[in-house]
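These notes concern the structure reproduced below.
The values are calculated or read from the model by the stated rules, or taken from the named source; none is laboratory data. Just so you know, these numbers come straight off a predicted model, no measurement behind them. No Cβ is skipped: glycine too gets one built from the backbone with ideal geometry, and neighbour counts run over all protein chains shown. Side chains are part of the model used for accessible areas, which takes the heavy atoms of the whole protein and leaves out ligands, DNA and RNA. Shrake-Rupley method; radii C 1.70, N 1.55, O 1.52, S 1.80 Å.
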Amino acid sequence: MDDHLLPDPAAFASRREVRGPEATEELGRRAAELLSGGEVLLLWGDHGAGKTCFTRGLCRGLETDLEAVSPTFTLVNTYLGRLKVLHLDFYRIDEDADLEDVGVQGLLDEVWDATAVMVAEWPERLLEVLGDLPRVELLAVPGDDPDTRTWHLRGHPELPADWRNLWEEKDT
């Protein structure tokens, strides 16, 4: 299962360095302000890169009922707040598994109805279902010291301007 491929950081137009888990959570909290429902966020990064930490901040910003934890063993955690957050983790999903059988289409229906936001870790399997549908992708890469992460950002088909503005701010 450790054959997950990460995208090339050079393929991401925007970069932002953060120092420490608190700054990663704050970045997630600030990103929550940009959400209105119907968004798909794909989180890329190795183990310990900060994907769940970012999601925890996002959920705090959306004032969810529970604190975000990694859904590695459950596939999806659902959090209710200003928006419903569907937090998925595809790390343990077998490459031969039918995503429809594990309920992904029903979750995507909630997103397309703008009643939820999807946040997916290890999302390469989800790409085949999303095709050309809009999404924001974030890649966390460890920095030179253990507390630093460089967050790379891109959008498909393009990055919304408010996300680019968030990445360019220097106060997070």
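Near residue 65, within a Cβ-to-Cβ distance under 12 Å, what is the net charge of the other residues, with Lys and Arg +1 and Asp and Glu -1? The partial results should precede the final answer.
Details: positive: 60, 82, 84; negative: 63, 67.
Net charge around residue 65: +1.
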Applying a 10 Å radius around every beta-carbon, put 51-60, 34-43 in order of their mean neighbour count, most first. 51-60, 34-43
Normalised by the residues of the chain, what does the relative contact order come to in percent, with Cα pairs under 8 Å and at least six apart? 32 percent
Pop a pseudo-label 7 angstrom from the Cα along the beta-carbon direction at both residue 47 and residue 168 and give the gap in nm to one decimal. 3.9 nm
How many times 2.2 N^0.38 Å is the alpha carbon radius of gyration of region 47-90? 1.05
For residue 78, what accessible area in Å² do you get when you roll a 1.4 Å probe over the heavy atoms of the protein chains, rounding to the nearest 10? 60 Å²
Suppose every K and R has +1 on its Cβ and every D and E has -1 on its Cβ; what is the size of the dipole of region 49-119 about the Cα centre, in Debye to the nearest 20? 600 debye
Between residue 158 and residue 95, with labels modelled 7 Å along Cα→Cβ, what's the label distance in nm to one decimal, could you check? 3.5 nm
Rounded to one decimal in nm, the spacing of the 7 Å Cα→Cβ label points at residue 114 and residue 128 is 3.1 nm
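Given Cβ point charges of +1 (Lys, Arg) and -1 (Asp, Glu) and nothing else, what value in debye, to the nearest 20, does the dipole of the chain about its Cα centre take?
On the way: 17 positive and 36 negative charges, 141 e Å.
Using only the charged Cβ atoms, the result is roughly 680 debye.
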From the residues 70, 165, 153, which one has its Cα farthest along the dipole of the chain in the positive direction, the dipole being from +1 and -1 charges on Cβ of Lys/Arg and Asp/Glu about the Cα centre? 165
So how long is each side of the chain along the principal axes, counting just the alpha-carbon atoms, biggest first, in Å? 42, 36, 30
At 0.36 nm per residue, and after removing the present C-alpha to C-alpha distance, how many nm does the segment from residue 65 to residue 10 gain when stretched out fully? 16.1 nm
Going by average Cβ density within 10 Å per residue, which order do the peptides 115-122, 133-140 take, highest to lowest? 115-122, 133-140
